[in-house]
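Working notes for the structure below.
The values are calculated or read from the model by the stated rules, or taken from the named source; none is laboratory data. Treat the numbers as computed from the prediction; the structure is a model and nothing was measured. In this analysis, Cβ positions are derived from the backbone assuming ideal geometry, glycine residues included, and neighbour counts consider all displayed protein chains. Each accessible area value is taken on the protein alone, full model and side chains, heavy atoms only, with ligands, DNA and RNA left out. Shrake-Rupley method; radii C 1.70, N 1.55, O 1.52, S 1.80 Å.
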Amino acid sequence: MQLLAQKWDATKLNGYHEQLCRAANLDLRDVKDAHTALHALTDYVSGMTDRYAVKVSKLVAGV
């Protein structure tokens, strides 16, 4: 949602979202529209192990 609000420019994300992307090691350089955003998200999630998914969930929740 934040990428859409920033017209798909990851360099304009606010501090929280920038830190979240960095902590989760998300590469948003090629995300230019909703289609590529969903593709990148699908690739990211499909590559997760169960243990890593729990870790990311805790990171996002602030636990």
Per-residue [θ]222 nm for the chain (sum of -39500 (n - 2.57) over DSSP H runs n ≥ 4, rounded to 500): -17500 deg cm²/dmol
The chain: relative contact order in percent, alpha carbon pairs under 8 Å with at least 6 residues between: 25
Cβ-based net charge around Asp33, under 13 Å, with every Lys or Arg adding one and every Asp or Glu removing one: 0
Volume of the Cα convex hull of the chain, divided per residue and given in Å³: 79
Apportionment of accessible area to carbon and sulfur, the range 1-47, percent (1.4 Å): 57
Charge sum, other residues only, whose C-beta stays under 12 Å from Ala10's C-beta, Lys/Arg counted +1 and Asp/Glu -1: +1
Theoretical gain in end-to-end length, Asp33 to Met1 [0.36 nm per residue, Cα-Cα removed]: 10.4 nm
Solvent-accessible area per residue, Å², over the chain with all protein chains present [probe radius 1.4 Å]: 82
